[in-house]
Structure formats: structure tokens, C-alpha cells
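Note sheet for the following structure.
The values are calculated or read from the model by the stated rules, or taken from the named source; none is laboratory data. Worth saying up front: this structure is predicted, and the values here are computed from it rather than measured. Cβ: placed from backbone, ideal geometry, glycine included. Neighbour counts: every protein chain shown. Keep in mind that these areas ignore ligands, DNA and RNA; they rest on the heavy atoms of the full protein, side chains included. Shrake-Rupley method; radii C 1.70, N 1.55, O 1.52, S 1.80 Å.
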Amino acid sequence: MSAAYATFGLAPATRAGGLLAGGDHRLHRDFLDFVVDGRPLLFRLCDLEAVSPLASDVPPSIFTAQVRSLLLETGPPLPAGRFVVYGCPECEDLACGAVTAVIEPDGEDVVWRDFAWQTGPHADLELNGYHGIGPFRFRGAEYRAALAALLNGDAPGARRRVLLIGARVALLARLAAALRTIGIGADIAQDADGVPADELRAYGAVVFGRSTGAGERENVRRALTTAGVDVPCVDGLAPIVPLLVAQTEQALDASPQGRRRLTGLTAAPGAAGLEVTSACRVRLTAYRVDRLSRTHTRDLFDGVLEPGRHRVPLDAGAVRGEAYVVARAGGTVLVTRVGR
């Protein structure tokens with residue numbers, strides 16, 4: 001085993017939820033990712049939808065137990081000294097699959113090794129091992145300090161909420177229901193007048209319905225400023241609930257650009273342009289409003305892209321007229337209008 005040390009840290013991350021074509025949905029999950037040598041460990045796993053055990057929506061007692069387990073204060077939860085590093089974002093069932101690793105002390109150091117994909121009590125390293133990942137040797141003091149800080153109140157924040165502003169209550173009610181379905185709280189108001197400052201501070205974003213006038217939007221922004229709240233304000237692109245959900249997901253992503261898998265999205269009738277920071281699965285979906293105000297949805301692309309810039313051809317019929325493209329990759333969601 002190499003004697004070289006790797007740095008260890010933690011950083012907020014998101015597994016973006018959303019409404020998918022066909023009516024399916026994915027839960028929104030906020031968690032802490034493991035940062036090894038300055039790079040999220042999850043980024044080394046190119047096509048994986050997963051979260052770490054350090055998720056914000058687990059009960060405090062379970063969160064504390066997960067931290068103490070990673071600190072090696074309790075025994076490993078799986079045979080052969082193995083720990084779950086990333087698990088299913090929808091449930092806690094090992095049968096769904098999880099990335100596990102042996103975590104063990106070595107003198108004052110802590111070593112993570114033998115990473116594998118595991119769906120049962122025992123891991124098959126030859127068949128399902130991640131042979132290009134690890135082993136990682138962490139300095140014990142750095143490792144324990146990063147995790148112990150979570151026991152002192154520095155755990156990830158509570159589930160984020162959004163404030164929906166607009167006069168089209170029926171549309172906003174459908175949007176609120178969709179957001180709650182994927183795990184994001186949402187409240188509806190016609191304006192921000194009378195909303196206490198403490199309540200405004202609980203929101204991670206404000207979403208304006210397209211019918212909200214410029215003056216009304218300015219009044220809401222003024223109320224946020226007066227309350228000392230600095231959150232994204234989203235101008236709804238179209239009365240399409242899945243599109244508005246995607247815009248909300250994008251607004252709630254506060255992670256640094258360098259820790260996002262997608263950093264750029266453009267779209268024209270002929271092609272979409274994408275910038276990818278690490279190999280990952282990317283999904284493109286188009287939403288279009290026709291002349292009769294009917295909504296059309298089309299899945300455009302679903303595949304693994306390598307780091308760099310990519311051009312993905314688009315079916316012209318799927319993006320004609322008023323159209324928008326949503327890109328999803330890991331914890332990143334980007335939305336853009338199709339340019340003419």
C-alpha cells in the first residue's frame with residue numbers, strides 16, 4: 001500500500017430531484033460528500049446516482065451514529081470491516097446497491113481501501129471492485145477533525161424550502177405539490193408583504209410565476225433585502241410544472257462551480273452545447289409550448305459523457321417554437337431557453 005497521504009474533507013452536495021418524463025420523480029437529497037485531494041469522491045464514480053450516509057434529512061440520532069461509525073468509534077456495519085460510502089438516494093436498502101469500502105485504522109492514520117459495488121452482505125472485489133479508486137491514507141488528526149466538527153453542530157442544514165409568488169394559484173399549487181413530492185418544501189403567496197423576516201430567512205429561493213409583474217417582483221426583492229435575505233429569485237420561464245421544478249433545483253444548488261459535473265448548457269434548434277467536468281451520465285429533456293398553449297415533452301439524450309465540451313444534436317421538431325432544454329447530471333440541473 002502506498003505511503004502517500006491524501007487529504008480528507010467534507011463539502012455540501014446535492015442529489016437533484018425532479019419530475020421526469022412519463023410522470024416518474026426523484027427525491028431531492030442534500031448531503032455531505034467526501035472530498036479527497038480536493039475533489040469530491042463521488043466524481044470518481046462516473047455513472048452513479050447515490051448519496052453519502054451524511055444526509056441532511058436523516059434524524060439527528062442516525063446522523064450522529066453515522067459520524068461515529070466513520071470515526072471508527074463503533075464496529076463496521078458490514079462483514080469484513082466494510083462501510084457504506086454511498087447508498088441509494090431513494091431508500092436505505094443494500095439490495096439497491098451501494099459503494100462500500102474497508103475503513104480501518106493504521107497507527108494514527110485512517111485508511112480507506114478495497115472499494116466495491118455491493119448488493120448483499122459480502123462484496124466480490126474481483127467482480128465488482130473499483131480497482132482504479134484508492135487506497136487512500138488520511139492523516140488521523142485531519143480525518144477526525146473534519147468528522148468530529150459535525151458532532152459540534154456543524155451538520156448540514158435542514159431541508160430547504162422555496163417561496164412561490166404569483167397570482168395563478170392553481171399552477172403554483174401544482175408546482176408546490178410537485179416540489180414536495182421530491183422532498184422540497186414550498187409555500188405560496190401573492191407577495192411578500194406581511195411575511196416575517198424570520199420566515200423569509202427560511203427560504204432557499206423565491207420563484208416568480210410568469211404572470212407576476214415587474215413591480216411585484218421588485219417589491220418582493222425589496223422585502224428580502226430589508227430582511228437581510230440573499231437568495232436566488234427565479235423568473236419562471238413557462239407554466240410547465242416539470243420545467244419550473246428544474247429551475248427551482250438549479251436555484252437551490254449552492255455548490256461551487258468546480259464541484260459541479262455540469263457547468264454549461266446552451267441550446268439552439270440544431271444542437272445543445274454542454275460543458276462537463278467529470279465523466280458522468282447526462283440526460284437532456286425538451287419542453288415545448290405550441291400555438292395552442294399545449295405542452296410537449298421529449299427525452300433528447302441519455303448517455304455518459306467524458307470531461308470537456310460536447311455538442312449533442314437535437315431533433316428540430318422537439319424544440320421548435322417556444323422551447324426549453326433541461327440537463328441533468330448527478331447533482332446538477334441546468335435549464336436554458338432554446339435560442340433562435
Legend entry - Qualifying residue in segment 88-100 (condition: closer than 24 Å to Ala148 by Cβ, out of contact with any helix residue (DSSP H, G or I) (no Cβ under 6 Å at 6 or more places or on another chain), assigned to a strand (DSSP E or B) and modelled with pLDDT of 90 or more): yes
Legend entry - Hey, Pro239 closer than 30 Å to Ala11 by Cβ and either of a type in the set (Gly, Ala, Ser) or surrounded by fewer than 23 Cβ atoms within 10 Å (Cβ to Cβ) (or both) or not: no
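Could you check segment 227-239 and list, in sequence order, the residues that are on the phi < 0 side of the Ramachandran plot and without any contact (Cβ under 8 Å) to a residue 60 or more places away in the chain?
Let us first name the residues in segment 227-239 that are on the phi < 0 side of the Ramachandran plot, namely 227, 229-239.
Across segment 227-239, the qualifying residues are Ala227, Val229, Asp230, Val231, Pro232, Cys233, Val234, Asp235.
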Legend entry - Selected residue (criterion: surrounded by the fewest Cβ atoms within 10 Å (Cβ to Cβ)) from residues of segment 50-59 that are assigned to a loop (DSSP other than H, G, I, E, B) and of a type outside the set (Val, Ile, Thr): Pro59
Legend entry - Lone qualifier among Arg26, Arg82 - being more than 28 Å from Arg180 (Cα to Cα), out of contact with any Cys (no Cβ under 7 Å at 6 or more places or on another chain) and basic (Lys, Arg): Arg82
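Part of a helix (DSSP H, G or I), touching a residue at least 60 places away in the same chain (Cβ under 8 Å) and out of contact with any Asp or Glu (no Cβ under 7 Å at 6 or more places or on another chain): is that true of Ala254 in this structure?
Working: part of a helix (DSSP H, G or I): no; touching a residue at least 60 places away in the same chain (Cβ under 8 Å): yes; out of contact with any Asp or Glu (no Cβ under 7 Å at 6 or more places or on another chain): yes.
Criteria not met by Ala254.
Among the residues that make up segment 67-78, is at least one of them part of a strand (DSSP E or B) and over 20 Å from Ala145 (Cα atoms)?
We begin by selecting, within segment 67-78, every residue part of a strand (DSSP E or B); these are 78.
From what's left, over 20 Å from Ala145 (Cα atoms): 78.
Looking through segment 67-78, at least one residue is part of a strand (DSSP E or B) and over 20 Å from Ala145 (Cα atoms).
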Legend entry - segment 120-137 residues that are acidic (Asp, Glu), paired with ones that are open to solvent by less than 60 Å² (accessible area, probe 1.4 Å) (beta carbon under 7 Å, 6 or more apart): none
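Could you pull out the residue among Val338, Val304, Val326 that is among the hydrophobic types (A, V, I, L, M, F, W, C), out of contact with any Ser or Thr (no Cβ under 6 Å at 6 or more places or on another chain) and open to solvent by less than 20 Å² (accessible area, probe 1.4 Å)?
Details: Val304 fails: open to solvent by less than 20 Å² (accessible area, probe 1.4 Å); Val326 fails: out of contact with any Ser or Thr (no Cβ under 6 Å at 6 or more places or on another chain).
So the residue among Val338, Val304, Val326 that is among the hydrophobic types (A, V, I, L, M, F, W, C), out of contact with any Ser or Thr (no Cβ under 6 Å at 6 or more places or on another chain) and open to solvent by less than 20 Å² (accessible area, probe 1.4 Å) is Val338.
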Inset, instruction - Would you list the helices (runs of 4 or more DSSP H) that sit entirely within segment 104-213 and hold 2 or more residues that are open to solvent by less than 70 Å² (accessible area, probe 1.4 Å) and among the hydrophobic types (A, V, I, L, M, F, W, C)? - result: 140-148, 169-181, 197-200
Inset, instruction - Taking only segment 272-298 into account, find how many residues are in a strand (DSSP E or B), within 21 Å of the chain's Cα centre (by Cα) and of a type in the set (S, T, N, Q). - result: 1
Inset, instruction - Give the residues of segment 316-340 that are at pLDDT 90 or above and not aliphatic (A, V, I, L, M), sorted by residue number. - result: Glu322, Tyr324, Arg328, Thr336, Arg337
Inset, instruction - Enumerate the pairs (first residue in segment 91-102 and under 13 Å from Val51 (Cα atoms); second residue anywhere and surrounded by 13 or more Cβ atoms within 10 Å (Cβ to Cβ) and of a type in the set (Lys, Arg)) with beta-carbon separation below 8 Å, excluding pairs fewer than 6 apart on the same chain, so at least 6 apart or on different chains. - result: Thr100/Arg82
Legend entry - Search result, residues across segment 1-42 that are modelled with pLDDT of 90 or more, open to solvent by 30 Å² or more (accessible area, probe 1.4 Å) and not in a loop (DSSP other than H, G, I, E, B): Leu10
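Looking only at residues in segment 60-103 that are β-branched (Val, Ile, Thr) and more than 17 Å from Leu41 (Cβ to Cβ), which one is least open to solvent (accessible area, probe 1.4 Å)? Outline the logic, then answer.
In the first step, residues of segment 60-103 are kept if they are β-branched (Val, Ile, Thr); the result is 62, 64, 67, 74, 84-85, 99-100, 102-103.
Of the ones still in play, those that are also more than 17 Å from Leu41 (Cβ to Cβ) are 62, 64, 74.
Numbers: Ile62: 72, Thr64: 51, Thr74: 72 Å².
Going through the qualifying residues, I end up with Thr64.
So which residues in segment 214-246 are in a helix (DSSP H, G or I), of a type in the set (A, V, I, L, M, F, W, C) and out of contact with any Gly (no Cβ under 9 Å at 6 or more places or on another chain)?
Within segment 214-246, the first condition is being in a helix (DSSP H, G or I), and the residues that meet it are 214-226, 241-246.
In the following step, the residues that additionally are of a type in the set (A, V, I, L, M, F, W, C) were identified as 214, 220, 223-224, 241, 243-246.
Matches in segment 214-246: Ala214, Val220, Ala223, Leu224, Val241.
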Legend entry - Considering residues of segment 278-298 that are touching a Phe, Trp or Tyr at 6+ places or on another chain (Cβ under 9 Å) and modelled with pLDDT under 90 only, the residue most open to solvent (accessible area, probe 1.4 Å): Ala279
Inset, instruction - Could you check how many residues of segment 301-316 are closer than 15 Å to Leu265 by Cα and either in contact (Cβ under 8 Å) with a residue 60 or more places away in the chain or hydroxyl-bearing (Ser, Thr, Tyr) (or both)? - result: 0
Inset, instruction - Kindly provide the set of residues from segment 157-185 that are of a type in the set (A, V, I, L, M), under 13 Å from Thr248 (Cβ atoms) and in contact (Cβ under 8 Å) with a residue 60 or more places away in the chain, ordered by number. - result: Val162, Leu175, Ala178, Leu179, Ile182, Ile184
